Amino acid sequence: MEVTQILLNAQSVDSTVRKHSEETLKQFQEQNLPGFLLSLSGELANEEKPVDSRKLAGLILKNALDAKEQHRKFELVQRWLSLDMAVKAQIKTCLLQTLSSPVPDAHSTASQVIAKVAGIELPQKQWPELIGSLLSNIHQVPDHVKQATLETLGYLCEEVSPEVVDQDQVNKILTAVVQGMNAEEGNNDVRLAATRALYNALSFAQANFNNDMERDFIMRVVCEATQSPEVKIRQAAFECLVSISSTYYEKLAPYIQDIFNITAKAVKEDVEPVALQAIEFWSSICDEEIDILEDFGGDFTADSDVPCYYFIKQALPALVPMLLETLLKQEEDQDQDEGAWNLAMAGGTCLGLVARTVGDEIVPLVMPFIQDNISKPDWRQREAATYAFGSILEGPSPDKLTPLVNVALNFMLTALTKDLNSHVKDTTAWTLGRIFEFLHGSTVETPIITPANCQLIITVLLQAMKDAPNVAEKSCGALYFLAQGYEDMGASSPLTPYFQEIVQALLTVTHREDAGESRLRTAAYETLNEVVRCSTDETAPMVLQLAPIIMTELHQTLEGQKLSSAEREKQSELQGLLCGCLQVIIQKLGASEPTKFVFMQYADQIMNLFLRVFACRNATVHEEAMLAIGALAYATGPDFAKYMPEFYKYLEMSLQNFEEYQVCAVTVGVVGDVCRALEDKILPYCDGIMTQLLKDLSSNQLHRSVKPPIFSCLGDIALAIGENFEKYLMYAMPMLQSAAELSAHTSGADDEMVEYTNLLRNGILEAYSGIFQGFKNSPKTQLLIPYAPHILQFLDSIYMEKDMDDVVMKTAIGVLGDLADTLGSNAGSLIQQSLSSKEFLNECLSSDDHLIKESAEWAKLAITRAISV
């Protein structure tokens with residue numbers, strides 16, 4: 001069979017035909033990869049072939065070069081690089097030839113594949129002629145070739161990082177793209193492709209944005225494109241402006257007035273997709289200014305590298321009215337549709353960001369709008385006024401807001417009970433939630449909730465939980481923040497008298513027929529958990545009564561009825577919520593001796609339920625059950641040993657779960673909980689656990705975020721089994737050392753990498769700390785002496801790098817103390833010789849962070865003892 005027919009069959013409606021040809025393709029790929037890729041690229045380039053087979057050929061080619069999982073992607077890249085040069089050259093010729101195809105599906109697929117190949121080859125200094133040959137295409141006569149080439153340049157900029165392309169080529173790419181965007185360009189497809197390409201090329205334009213003339217030219221062309229008669233071009237041009245606002249914030253001052261005029265016009269008059277991007281521009285400026293003001297705390301020195309230009313402050317008098325206007329453009333069904341996003345929602349979101357940027361100054365600009373509209377007969381006006389109020393509650397000072405909220409609160413409670421419109425009720429409940437989130441709690445000076453209005457608030461919220469699902473869901477949310485605000489109340493909480501009633505109302509909500517809509521069931525359980533978590537000792541007997549109720553519900557979900565896959569999905573979600581609820585109950589009751597004693601009667605049954613949950617295949621549920629078991633281990637302490645024989649196989653299984661790495665990460669944490677609960681009773685299981693953890697560490701398939709917790713888990717195990725850790729030293733220590741070397745130096749890393757490196761360092765240090773503390777006072781401490789120089793060297797190098805965060809600093813100074821404490825005089829001389837221990841110690845002793853200071857004082861004692869021996 002020729003490849004065309006196989007590709008067409010692979011898209012057949014008949015599943016047997018489809019499966020058979022998918023198999024054939026798979027075999028062809030495995031048996032003869034070069035031939036396979038050549039015939040696909042030939043198919044894609046052949047103008048006589050049907051469009052469907054060409055398109056699929058291109059798609060399979062693209063998937064042969066790239067994958068979502070890192071390790072799979074790495075394999076595919078290596079596989080391509082090791083192909084014969086002549087084969088690759090022939091494939092690339094076919095791809096470039098396809099760019100001139102008049103068939104849109106063919107040339108746009110080829111664009112994507114070329115970019116994937118470029119993403120692999122350009123960093124390796126291969127295919128140097130690619131960009132040149134693409135640029136020579138730009139001057140071709142047929143417009144579709146121009147369009148396809150611009151698309152390719154756009155995808156290419158998305159695939160490769162800026163340092164791979166030299167500035168001369170960047171200049172030429174930008175010139176071609178900006179020319180294609182020009183208003184003189186007669187063909188809209190070309191102009192659109194150019195505008196979208198610029199969006200991806202902006203990150204390459206650093207040098208060009210530093211040059212006033214070039215920057216002016218790019219900005220002019222982008223602003224002109226926002227006025228194009230073609231909607232898609234206007235939208236793409238505004239997307240470029242949004243990207244420029246965050247990438248080149250500090251270059252915007254000369255253009256900001258013009259941009260305001262363009263965006264205001266678009267928000268007022270243009271179609272929704274364009275207007276949304278125009279609002280997004282201002283939201284993005286807010287994000288930038290919020291970050292700058294947070295980083296610098298408002299005090300700018302002359303040398304601060306990112307001054308704040310206060311664009312939002314300057315635009316306020318015009319920006320706020322424009323945003324308030326959008327709030328009246330709601331859609332009838334937006335509250336029922338989870339993915340809804342429209343002008344009113346975008347405007348309210350932006351208003352909220354403006355409030356966080358400028359604080360008190362927004363209040364007088366918004367209050368008149370609220371007062372004018374809050375009692376109007378048209379629901380749109382009442383809802384917009386409520387939404388405006390809810391949007392500005394984060395940012396301005398409590399002093400400014402409290403008097404307004406005191407006036408508004410009763411009005412809102414009445415609206416939530418009596419307003420006839422469900423939209424207004426939905427937004428009112430949301431706004432109450434925001435009031436409780438930002439203006440209620442132990443940190444707020446003047447309480448908004450008083451003995452006088454507490455009962456009314458609870459009555460109204462519980463009543464609203466019987467309303468339509470979207471209103472009930474927002475009311476659960478409001479109750480969540482109401483409970484959270486009483487978290488640090490100590491012995492007595494104003495919610496205590498209503499506890500039983502609140503819990504009952506929430507359980508009733510979870511059983512509503514329509515609890516599946518608007519995330520209602522999830523919200524009710526989340527709120528129930530928060531109410532339990534923030535409750536006081538007075539209500540502990542009622543939490544005890546809740547335990548068997550939730551256990552029964554979980555038991556019912558495990559009784560095996562045959563379910564459709566949609567029902568099973570729902571059921572898994574419910575199991576996850578119930579496990580989460582039990583976790584909070586266990587933590588609450590396990591926290592004080594009297595309730596813990598009574599609660600233990602349920603421990604066997606609960607553990608049994610969790611083990612049955614593992615038998616169902618669902619990652620989210622496993623994660624929730626694991627977390628709950630961790631809480632149970634913590635509560636039961638050494639008694640947890642009796643569950644280990646049964647639990648261990650699930651523990652091991654979850655540690656091997658690379659695909660669903662969150663499950664693996666949570667399980668690593670639970671191993672730590674179990675170690676703390678069982679101490680040396682965990683010994684019989686340690687060989688298996690250690691083997692699995694070391695395998696995890698050396699695997700390149702496991703997501704990197706799981707590695708730091710695994711290192712700290714090694715410390716938990718060492719702390720639990722003490723000198724019995726001896727037999728693992730020869731495996732664990734070299735791993736710790738090589739990871740330490742990798743994480744010591746971060747020069748040139750981006751913020752995300754520095755953050756990850758600090759997590760990694762902290763995990764490594766926690767492992768060292770656990771190992772040293774575990775061996776303390778044991779005759780075997782001398783086994784650790786050979787490792788001490790390396791650890792001190794690690795501490796030196798991370799001190800010298802000067803990019804430790806506070807968490808790492810505290811753990812690091814602790815390790816220095818552990819070293820001295822466990823090794824005594826054997827460590828004394830080493831510490832005295834180390835390059836920076838003294839400086840590091842002094843820096844920590846004078847830290848503002850009292851935890852760091854405390855650790856340092858302890859370390860100083862230990863070191864003094866070690867040196868004086």
Filter the range 241-252 down to the residues that are closer than 19 Å to Asp212 by Cβ, assigned to a helix (DSSP H, G or I) and modelled with pLDDT of 95 or more and list them by number. Leu241, Ile244, Ser245, Thr247, Tyr249, Lys251
Residues satisfying the stated conditions in the range 594-650, i.e. of a type in the set (A, V, I, L, M, F, W, C), outside any helix (DSSP H, G or I) and open to solvent by 70 Å² or more (accessible area, probe 1.4 Å): Ala615
So which residues in the range 254-308 are at pLDDT 95 or above, open to solvent by 60 Å² or more (accessible area, probe 1.4 Å) and either among the acidic types (Asp, Glu) or in a helix (DSSP H, G or I) (or both), if there are any at all? Pro254, Gln257, Asp258, Asn261, Lys265, Lys268, Glu269, Glu272, Glu280, Asp287
Leading residue by the ranking (farthest from Glu660 (Cα to Cα)) among those in the range 53-69 that are open to solvent by 70 Å² or more (accessible area, probe 1.4 Å) and either outside any helix (DSSP H, G or I) or in contact (Cβ under 8 Å) with a residue 12 or more places away in the chain (or both): Lys55
Meets criteria (of a type outside the set (A, V, I, L, M), in a helix (DSSP H, G or I), open to solvent by less than 50 Å² (accessible area, probe 1.4 Å) and more than 20 Å from Ala641 (Cα to Cα)) for Asp696: yes
From the option list Lys116, Lys146, single residue qualifying as among the charged types (D, E, K, R) and out of contact with any Lys or Arg (no Cβ under 6 Å at 6 or more places or on another chain) is Lys146
Return the residues of the range 8-33 that are surrounded by fewer than 16 Cβ atoms within 10 Å (Cβ to Cβ), within 39 Å of the chain's Cα centre (by Cα) and part of a helix (DSSP H, G or I); say none if nothing qualifies. Ser15, Arg18, Lys19, Glu22, Glu23, Lys26, Gln27, Gln29, Glu30
Take the residues in the range 502-536 that are charged (D, E, K, R) and in contact with a helix residue (DSSP H, G or I) (Cβ under 8 Å, 6 or more places away or on another chain); name whichever of them is surrounded by the most Cβ atoms within 10 Å (Cβ to Cβ). Arg521
Of all residues being hydroxyl-bearing (Ser, Thr, Tyr) and open to solvent by 20 Å² or more (accessible area, probe 1.4 Å) in the range 713-755, which is farthest from Tyr685 (Cα to Cα)? Just the residue, please. Ser747
For the subset of the range 335-392 comprising residues that are touching a residue at least 60 places away in the same chain (Cβ under 8 Å) and more than 19 Å from Ile435 (Cα to Cα), which member is most open to solvent (accessible area, probe 1.4 Å)? Glu338
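One line per residue, one yes/no per condition, for (1) at pLDDT below 95; (2) over 24 Å from Gln140 (Cα atoms); (3) surrounded by fewer than 14 Cβ atoms within 10 Å (Cβ to Cβ); (4) among the aromatic types (Phe, Trp, Tyr):
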position: Ser41; (1), (2), (3), (4): no, no, no, no
position: Leu76; (1), (2), (3), (4): yes, yes, no, no
position: Ser100; (1), (2), (3), (4): yes, no, no, no
position: Ser111; (1), (2), (3), (4): no, no, no, no
Which pairs have Cβ atoms under 9 Å, sit 6 or more apart or on different chains, and link a residue in the range 599-625 that is without any contact (Cβ under 8 Å) to a residue 24 or more places away in the chain to one that is among the hydrophobic types (A, V, I, L, M, F, W, C)? Ala615/Leu558
Of these, Glu224, Glu185, which one is in a loop (DSSP other than H, G, I, E, B) and acidic (Asp, Glu)? Glu185
Filter the range 321-334 down to residues that are free of Cβ contacts under 8 Å to residues at least 60 places away in the same chain and crowded, with 23+ Cβ neighbours inside 10 Å and give me whichever is nearest to Gly395 (Cα to Cα). Leu323
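The values are calculated or read from the model by the stated rules, or taken from the named source; none is laboratory data. Everything quoted here is computed from the prediction, not taken from an experiment. Cβ atoms come from the backbone with ideal geometry, glycine included; neighbour counts cover every protein chain shown. Calculation scope for accessible area: heavy atoms of the full protein, side chains included, ligands and nucleic acids excluded. Shrake-Rupley method; radii C 1.70, N 1.55, O 1.52, S 1.80 Å.
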